[in-house]
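These notes are about the structure you will find just below.
The values are calculated or read from the model by the stated rules, or taken from the named source; none is laboratory data. All values reported here derive from a predicted model rather than from experimental measurement. Reconstructed Cβ throughout: ideal geometry from the backbone, glycine too, with neighbour counts over all protein chains shown. In case anyone asks, the SASA skips ligands and DNA or RNA and just uses the protein heavy atoms, side chains included. Shrake-Rupley method; radii C 1.70, N 1.55, O 1.52, S 1.80 Å.
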Amino acid sequence: MVTALIPVLGYARASQVAAAVLDGRGGVRDLALATGSIAATDLDRLLGHG
């Protein structure tokens, strides 16, 4: 799922989100939103939630 975020977040930030998910610090959606780089509606569209 994080791969879908690379065009928006960039590789480095998407990798940080992926690492945080693997570390158990939260889910992809919550951690991606926490970057402040993507709006919830855009994120949901990219992740197929809306």
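Assorted remarks:
- Of all residues in the stretch 23-36, exactly one satisfies the criterion of being open to solvent by 40 Å² or more (accessible area, probe 1.4 Å), within 16 Å of T3 (Cβ to Cβ) and assigned to a loop (DSSP other than H, G, I, E, B), namely T35.
- Of residues in the stretch 1-22 being open to solvent by less than 40 Å² (accessible area, probe 1.4 Å) and among the β-branched types (V, I, T), the one modelled with the highest pLDDT: V17
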